[in-house]
Amino acid sequence: MKPDRLRRRGPELDARGLILLLHGGSINSYAAVGDGRMARGWGRTRSIQDGIWASAAAHGLSTWALKHSMQGWNDDKNPSPVPEARRALEVAKDALGDVPIVLVGHSMGGRTAVRVADHKSVVGVIGLAPWLPRSESASTLTGKHLRVAHARLDHECGLSKMASFLKDAERTAATVQIEDMGLDLHYLVRRSRWHEFTVRHAAELTGRNIE
């Protein structure tokens, strides 16, 4: 994987855990992910990374963000972002060793995170307004922890649209917690609340102090 695909922040040699951020995208698009103003999914995830890495580092966590090559999910059986997420997990293992990894995904990134949650280093998934349709399987979350934050004004990936998936996850995952972020949108306008949610749960999950 090219170094410019993984944007790294925070400690590495002495990291006690890793937050791997996975960005949103489109249902169907083979267009390249750019760095400009139109890179909405990647741009938002860069903003999340910039907003959390310092506080995550205070907990000993490194914060990486993966930039996918294409903007779309494209195929439920062989989705475009999933192989790249799996490669990023292997790069992380080589770089950091056997530290616990928390996958954090916004929108499409939440679905990507669920697909690769069966990696042995992954301890949990944090979904920020995640895209988790009824058709998505929760089987990869067996023994893992799921945290989901949703916005009441989200018409793209609202809580009702992921209700079936969450019901399955409650039967499969070790723990499931859902948090209402109030009158916010899919685009996470009240950023500080989403940042605090992410770091709080990532620190909890990597510390394995879970009730």
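The values are calculated or read from the model by the stated rules, or taken from the named source; none is laboratory data. Small disclaimer: the values here were computed from a predicted structure and weren't measured. Using ideal geometry, Cβ is built from the backbone for each residue, glycine included, and neighbour counts are taken over all protein chains shown.
Of the strands (runs of 3 or more DSSP E) lying entirely inside the range 72-169, none contains at least 1 residues that are of a type outside the set (Lys, Arg) and modelled with pLDDT under 95.
From the list His119, His155, the one residue that fits, being of a type outside the set (Asp, Glu) and under 17 Å from the mean Cα position of the chain (by Cα), is His119. Kindly evaluate Leu128 against the criterion of being under 16 Å from Tyr187 (Cβ atoms) and touching a strand residue (DSSP E or B) at 6+ places or on another chain (Cβ under 6 Å). Answer is yes for this residue. In the range 62-72, the count of residues that are among the aliphatic types (A, V, I, L, M) and within 26 Å of Leu183 (Cα to Cα) is zero. Taken together, the residues in the range 145-179 that are free of Cβ contacts under 8 Å to residues at least 12 places away in the same chain, touching a Lys or Arg at 6+ places or on another chain (Cβ under 9 Å) and of a type in the set (Asp, Glu) amount to 0. Here Leu128 passes the criteria (1) farther than 30 Å from Ala58 by Cβ; (2) in contact with a Phe, Trp or Tyr (Cβ under 8 Å, 6 or more places away or on another chain) except the one numbered (1). Could you identify the single residue in Ser69, Ser80 that is surrounded by fewer than 17 Cβ atoms within 10 Å (Cβ to Cβ), hydroxyl-bearing (Ser, Thr, Tyr), over 18 Å from Arg191 (Cα atoms) and touching a Ser or Thr at 6+ places or on another chain (Cβ under 9 Å)? The unique qualifying residue is Ser69.
If the condition is being of a type in the set (A, V, I, L, M, F, W, C) and either in contact with a helix residue (DSSP H, G or I) (Cβ under 8 Å, 6 or more places away or on another chain) or modelled with pLDDT under 95 (or both), then the range 190-208 contributes Trp194, Val199, Ala202, Ala203.
Looking for whichever is over 24 Å from Ala151 (Cβ atoms), among the β-branched types (Val, Ile, Thr) and out of contact with any His (no Cβ under 8 Å at 6 or more places or on another chain) here; the options are Val104, Val91, Val114. Which one fits?
Working: Val104 fails: over 24 Å from Ala151 (Cβ atoms); Val114 fails: over 24 Å from Ala151 (Cβ atoms).
Just one listed residue meets the conditions, Val91.
The residue list Met181, Met108 contains one member that is over 22 Å from Pro11 (Cα atoms), buried (at least 17 other Cβ atoms within 10 Å of the Cβ) and over 15 Å from the mean Cα position of the chain (by Cα), which is Met181. Scanning the range 28-39 for any residue that is out of contact with any Pro (no Cβ under 9 Å at 6 or more places or on another chain), crowded, with 16+ Cβ neighbours inside 10 Å and in contact (Cβ under 8 Å) with a residue 40 or more places away in the chain turns up nothing.
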